[in-house]
1. Confirm whether B:Ala184 is modelled with pLDDT of 95 or more, outside any strand (DSSP E or B) and open to solvent by less than 30 Å² (accessible area, probe 1.4 Å).
2. If a residue has to be of a type in the set (A, V, I, L, M) and open to solvent by 10 Å² or more (accessible area, probe 1.4 Å) to count, how many in region A:53-71 make the cut?
3. Please work out which residue is nearest to A:Leu41 (Cα to Cα), limiting yourself to region A:224-275 and to residues that are of a type in the set (Lys, Arg) and surrounded by fewer than 24 Cβ atoms within 10 Å (Cβ to Cβ).
4. What's the total number of residues in region A:327-340 that are out of contact with any Ser or Thr (no Cβ under 6 Å at 6 or more places or on another chain), open to solvent by 10 Å² or more (accessible area, probe 1.4 Å) and facing chain B (nearest Cβ under 7 Å)?
5. Could you tell me whether A:Ile343 is crowded, with 20+ Cβ neighbours inside 10 Å, more than 9 Å from chain B (Cβ to nearest Cβ) and modelled with pLDDT of 95 or more?
6. Please work out if A:Ile50 is in the same structural domain as A:Thr159 (by TED's automatic domain parsing) and part of a strand (DSSP E or B).
7. List pairs: first in region A:370-392 and in contact (Cβ under 8 Å) with a residue 40 or more places away in the chain, second among the small types (Gly, Ala, Ser) and open to solvent by 10 Å² or more (accessible area, probe 1.4 Å), Cβ under 8 Å, 6+ apart or cross-chain?
Protein chains: 2
Amino acid sequence: MAVNLNIPDDNKIFPINGIEIAIGEAGVKKNNKKDLTIFKLSSGTNVAGIFTKNLFKAAPVIISEKNLANQKQIKTLIINTGNANAGTGSKGIEKAQKICTELGKQLQIDSQEILTFSTGVVMEQLPEDKIINALPRTLDGLGKYTWKDAAYSIMTTDTKPKIFSEKLDISGKEITVTGISKGAGMICPNMATMLGFIGTDVQIEQSLLNKMIKEIADFSFNRITVDGDTSTNDSFIIMCTGKSGLDIRNENDPNYKKVFELLKKASIDLAQKIVRDAEGATKFITINVEKATNSQEALKVAYSVAHSPLVKTAFYASDPNIGRILVAVGYSDVKISTNNLFIWLNDVLIVKNGEINPDYIESDGQQVLQQKEIIIRISLNQGKTNETIYTCDFSHEYVTINADYRS
Amino acid sequence: MAVNLNIPDDNKIFPINGIEIAIGEAGVKKNNKKDLTIFKLSSGTNVAGIFTKNLFKAAPVIISEKNLANQKQIKTLIINTGNANAGTGSKGIEKAQKICTELGKQLQIDSQEILTFSTGVVMEQLPEDKIINALPRTLDGLGKYTWKDAAYSIMTTDTKPKIFSEKLDISGKEITVTGISKGAGMICPNMATMLGFIGTDVQIEQSLLNKMIKEIADFSFNRITVDGDTSTNDSFIIMCTGKSGLDIRNENDPNYKKVFELLKKASIDLAQKIVRDAEGATKFITINVEKATNSQEALKVAYSVAHSPLVKTAFYASDPNIGRILVAVGYSDVKISTNNLFIWLNDVLIVKNGEINPDYIESDGQQVLQQKEIIIRISLNQGKTNETIYTCDFSHEYVTINADYRS
């Protein structure tokens, strides 16, 4: 029941020159589904990543952060589904390391040149042998698979694959950005994790790329929420092969902005697709908080509204129960002078100077809530900072899915 | 479907000497239900109150806070259901004031000697004339009604009345504490509000009472949550008539502790009953966070777990999906050294030193989750502070009720 989640046509999903993909069946996921994905990167590829802020980082996150930090070149990524290897302690780290070591041997690279990712059940030990046994036959397929195959093989509770792909001409060079994501948002730590992988044939200088990925995440993967449950495995990676010949060395490069905007567009699209596929979602909700004193203040208000089960259930019911939005702003723990508050549903002004807009007609609010894409616009009128986050409504289906037994 | 919510037998619900109760039908609530409650207090009654922290305080809250602050004696309380008079701006305040003025005239007291409370739909103007018209016939019934009648007449979405009553012998004097509460927690701002009213025939010196009510609320009404939605109207009031002849003037009074403990017991009982009656609740969950550095830290962890829809749906499903608890602790934004974390479900140790307890058997967790009363015990092992909060699970019923149209 994903909300307006489009899958590009196969001929619109472009490979990235310099990235080879392999898909396998390790048997970690039940009834031999594809559960193993490998990205092999050509030499000279720059890689940056950001990871979950959850204190209980999963074992693969701990290893990947370490390997990214040690400045070696990253040459391969390996992703398994079916088990998140989280809450598994030192044993879990050994298992994840063992997989990197084995994969390194077979590709004749240092295990520290590998990033590893896991998504699936939390707090169950990873059957690493199944993965290791599957490596040879999986690697035989290197280069025979597409980004679409990868989008499918990293799915857990996702109902649809999440893919972005676009080409752009920049000063005579054709560049490509293709990416995939998975996760029903942060809403499912027992089938954990939001993952995002973006590849491009542009080259971006490493320290610049490290800075860009943080900025881009704050427009995209750090701006989505379903129920505020931040998984132990969340990871977002950008890989730059440079094969297009376009090389961005600093922010003054005349092409920097174009590349930044395309990567940002890709990230927002892939992040939004996670919300569009959120379990039980029937509506896609954008929350704009405007004229806040600072970003933290704007986000506090936005998340307070986005996490209110009362707001979410009212949207599910298409009931313009606008009082619930006002109430959620009121307990967001942000100092605002209530008289300055304005709230719109799309273009319908519902709250004016902190109280119900005297000209508001319920049928107008009703009409907005019938739609599948809704914008809640909240103006605090006390500063210059705006923030945008994306969320969804709260349905019976959500409870059903999350109340289900894991088996 | 309230969880173990007991209603005392009529002969166990004791009146409070010095408090007269009147109940009426103003027609604010549909199909002439009782929707008006008046407490008339004998002269010399000390009253203390605490109110919602929501920025958008309802009009009656603004007036009651003002009247309590101006040190006059409080002689009467009036409560209406059906409309919360919240988000209604200056007009709403005028309407609430008008009710106090009219009631004052008829009782020949100053309108500033009245506290007023409203609960019901948010952001709709209060039909104050209906209430004013109902005053004379309602006041005719003064003294003819019981605390049980009052418990019923303040109900909105509550499925059961919430009543506590106990007598105690203190140095030869029989004292009585009787109280009522309403609300399906903070979960329903469109039928808003948590209200608690406790009466006793003990006399407690005003400044001491002001201090006591804050301390008591932090064991009770400030320690319950269903979905974190703090209403605009929450109010908790203690009324001390002194008619028992027992008079507590300071904390050194040998009887202070006994009185404090009984009022605390009453408040915890009335607060828990709100959670037991929370919409859709099928389980009553106590969360103990132990050995935290300070209270704020303990509460952050506790509420992070209590507000996780994933934890709540897992409990609804009786699925010991223990990873979800660990994850919620991990994103609670509290600095803890993960290795020190221990988590128990009742007496079953599920997390040991920050990872799954190797000796944990799922059937043990299963057995705990079959029960209707569950204790999640979380030890951070980094300090000396403990906190306890009360919450419930998250069911289909919750979505159904809150997705319902208001009509």
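The values are calculated or read from the model by the stated rules, or taken from the named source; none is laboratory data. Since this is a predicted model, take the numbers as computed values, not measurements. All Cβ positions, glycine included, derive from the backbone under ideal geometry; neighbour counts span all protein chains shown. Just so you know, the surface numbers come from the protein's heavy atoms only, side chains and all, with ligands and any DNA or RNA stripped out. Shrake-Rupley method; radii C 1.70, N 1.55, O 1.52, S 1.80 Å.
1. Working: modelled with pLDDT of 95 or more: no; outside any strand (DSSP E or B): yes; open to solvent by less than 30 Å² (accessible area, probe 1.4 Å): yes.
No: the conditions fail for B:Ala184.
2. Kept after step one, since they are of a type in the set (A, V, I, L, M), are these residues of region A:53-71: A:55, A:58-59, A:61-63, A:68-69.
Checking which are open to solvent by 10 Å² or more (accessible area, probe 1.4 Å) leaves us with A:55, A:62, A:68-69.
Qualifying residue count, region A:53-71: 4.
3. Initially, region A:224-275 is screened for residues of a type in the set (Lys, Arg), giving A:243, A:249, A:257-258, A:264-265, A:273.
Retained after the next criterion (residues that are surrounded by fewer than 24 Cβ atoms within 10 Å (Cβ to Cβ)): A:243, A:249, A:257-258, A:264-265.
Numbers: A:Lys243: 11, A:Arg249: 20, A:Lys257: 25, A:Lys258: 24, A:Lys264: 22, A:Lys265: 23 Å.
Looking at the filtered set, the residue picked out is A:Lys243.
4. Residues meeting the conditions: 2.
5. Values: crowded, with 20+ Cβ neighbours inside 10 Å: yes; more than 9 Å from chain B (Cβ to nearest Cβ): yes; modelled with pLDDT of 95 or more: yes.
In short, yes.
6. Working: in the same structural domain as A:Thr159 (by TED's automatic domain parsing): yes; part of a strand (DSSP E or B): yes.
Spelling it out, A:Ile50 is indeed in the same structural domain as A:Thr159 (by TED's automatic domain parsing) and part of a strand (DSSP E or B).
7. A:Gln370/A:Ser318; A:Gln382/A:Ser337; A:Thr385/A:Ser295; A:Glu387/A:Ser295
Conditions tested, residue by residue: (1) open to solvent by less than 10 Å² (accessible area, probe 1.4 Å); (2) among the basic types (Lys, Arg); (3) closer than 15 Å to B:Asn233 by Cβ.
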position: B:Gly82; (1), (2), (3): no, no, yes
position: B:Thr88; (1), (2), (3): yes, no, yes
position: B:Gly92; (1), (2), (3): yes, no, yes
position: B:Gln97; (1), (2), (3): no, no, no
position: B:Glu102; (1), (2), (3): no, no, no
position: B:Ile109; (1), (2), (3): no, no, no
position: B:Leu115; (1), (2), (3): yes, no, yes
position: B:Glu128; (1), (2), (3): no, no, no
